[in-house]
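Asks: Please read through the structure below; I'll follow up with questions.
The values are calculated or read from the model by the stated rules, or taken from the named source; none is laboratory data. These figures come from a predicted structure and were not determined experimentally. Using ideal geometry, Cβ is built from the backbone for each residue, glycine included, and neighbour counts are taken over all protein chains shown.
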Amino acid sequence: MRYPAITVIHPEAGPWDTFVDQHPEGHLLQQSRWAAVKQTTGWACLRIGICDDGVLLAGAQILIKKRYGFSAWYIPRGPVLADDQLLNQALLAALRSQAQQQRAVFVRMEPNMVVGSKRERIVTRLLENAGLQTSESTQPQHSVQVDLEPTVDALLAAMTKGHRADIKKAQKLGVTIRVGTTDADLDVFVALMAETGARAGFAVHSKAYYAEVWERFRQKQRALLLIAEYNGTPVAAAMVVASGQTACYLYGGSNAEAFQCAANHLIQWHAIQWAKEQGCASYDLWGIPQRTDVADGPLEAPAEMAGLIRFKKGFGGHEVSFYPAYTDVLLPLVYRAAASRFNI
């Protein structure tokens with residue numbers, strides 16, 4: 001069968017975002033607003049689309065980092081693929097061709113594809129037949145997602161008994177949740193993130209970075225900053241971003257007092273309800289540690305992370321695993337010598 005109407009384009013931000021939003025595997029990390037955020041940290045951006053009879057059916061938003069006269073191409077939670085494998089093959093060919101023109105050492109893709117999903121065979125067959133090799137993922141490979149189709153009452157009932165009790169506890173103690181709208185509110189969020197990072201031993205972004213995420217997405221009313229207060233003092237905060245059918249709990253911070261008054265449970269309950277009001281089909285709690293195989297037993301998580309998994313699963317969600325990253329190595333010698341220096 002011939003496809004004379006297939007064309008390669010570079011979509012503008014508006015049509016591209018509409019395409020991503022409407023695609024069942026579209027993700028906020030493929031939105032032009034996310035690329036705009038990453039451009040403030042030194043990344044360049046390129047979008048490649050495949051059209052059939054003028055209709056955009058497949059594509060990828062690529063983040064590009066340049067080093068030492070070479071470049072690295074990174075496609076977080078993409079590419080966004082069609083049902084027709086010929087169109088998908090055309091996309092991979094266009095990616096490879098244009099990457100080679102920019103002296104890309106490699107093209108790394110992280111499909112927004114959950115293990116066990118209906119289209120997984122299409123994606124895995126495409127990428128493996130193209131000779132791509134699996135790589136360690138940058139984005140969380142394991143997460144917890146809450147199905148938002150049930151009613152609000154049913155969503156609450158699906159939580160663990162302990163989580164429902166903690167939500168009631170926070171309400172009884174007078175914890176209040178408000179929506180952040182000002183620069184001062186962002187300062188509160190950043191301070192709580194810094195406290196959490198220091199306590200848990202992970203690095204946090206700058207205020208400027210969080211401000212970019214918040215401002216870019218709330219322009220379309222798709223970002224929510226929630227602040228929990230106890231006795232008039234902020235104790236927890238969360239930033240949630242919605243795109244297409246999914247809302248993601250991107251960032252959250254709290255102080256020690258939040259654990260005593262269950263503020264984190266109440267703030268998540270408010271975020272889940274907001275995601276449902278936005279028309280999202282699922283709420284992604286953004287990452288849990290990978291479990292390890294135990295002989296004749298269930299998968300286990302590192303002991304220090306077991307509490308995090310219990311917290312996230314307690315909201316009635318189910319664990320999901322994404323497919324790993326796939327890498328198209330274009331310059332093997334350079335890749336072996338310097339791939340890690342691109343810091344993807």
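Asks: Restricted to the range 38-71, and to residues that are more than 20 Å from ASN112 (Cβ to Cβ) and of a type in the set (A, V, I, L, M), which residue is modelled with the highest pLDDT?
Replies: So the residue we want is ALA44.
Asks: Can you tell me which residue in the range 206-222 is farthest from GLY180 (Cα to Cα), limited to those that are free of Cβ contacts under 8 Å to residues at least 24 places away in the same chain and surrounded by 11 or more Cβ atoms within 10 Å (Cβ to Cβ)?
Replies: It comes out as SER206.
Asks: Still on this structure, please answer the following. Can you tell me which residue among ARG96, ARG164 is in contact (Cβ under 8 Å) with a residue 24 or more places away in the chain and either over 24 Å from the mean Cα position of the chain (by Cα) or more than 23 Å from ILE9 (Cβ to Cβ) (or both)?
Replies: ARG96
Asks: Quick check on the range 58-88: of everything there that is farther than 27 Å from VAL334 by Cβ and in contact (Cβ under 8 Å) with a residue 60 or more places away in the chain, which residue is nearest to the chain's Cα centre (by Cα)?
Replies: VAL80
Asks: Could you run through the range 170-186 and say how many residues are surrounded by fewer than 17 Cβ atoms within 10 Å (Cβ to Cβ) and not polar (S, T, N, Q)?
Replies: Here the count works out to 7.
Asks: Identify the residue in the range 126-158 that is of a type in the set (Val, Ile, Thr) and within 22 Å of SER321 (Cβ to Cβ) and, among all such residues, is surrounded by the most Cβ atoms within 10 Å (Cβ to Cβ).
Replies: So the first thing to find is which residues in the range 126-158 are of a type in the set (Val, Ile, Thr), and the list is 134, 138, 144, 146, 151-152.
Subsequent filtering for residues that are within 22 Å of SER321 (Cβ to Cβ) retains 134, 138, 144, 146.
On the way: THR134: 13, THR138: 13, VAL144: 23, VAL146: 26.
Only one residue fits best here, namely VAL146.
Asks: May I pose another question? What single numbered condition from (1) out of contact with any helix residue (DSSP H, G or I) (no Cβ under 9 Å at 6 or more places or on another chain); (2) crowded, with 16+ Cβ neighbours inside 10 Å fails to hold for GLY201?
Replies: Failed condition: (2).
Asks: Which one of these does THR7 not meet: (1) among the hydroxyl-bearing types (Ser, Thr, Tyr); (2) within 24 Å of the chain's Cα centre (by Cα); (3) more than 30 Å from LEU333 (Cβ to Cβ); (4) in a strand (DSSP E or B)?
Replies: The one condition THR7 does not meet is (2).
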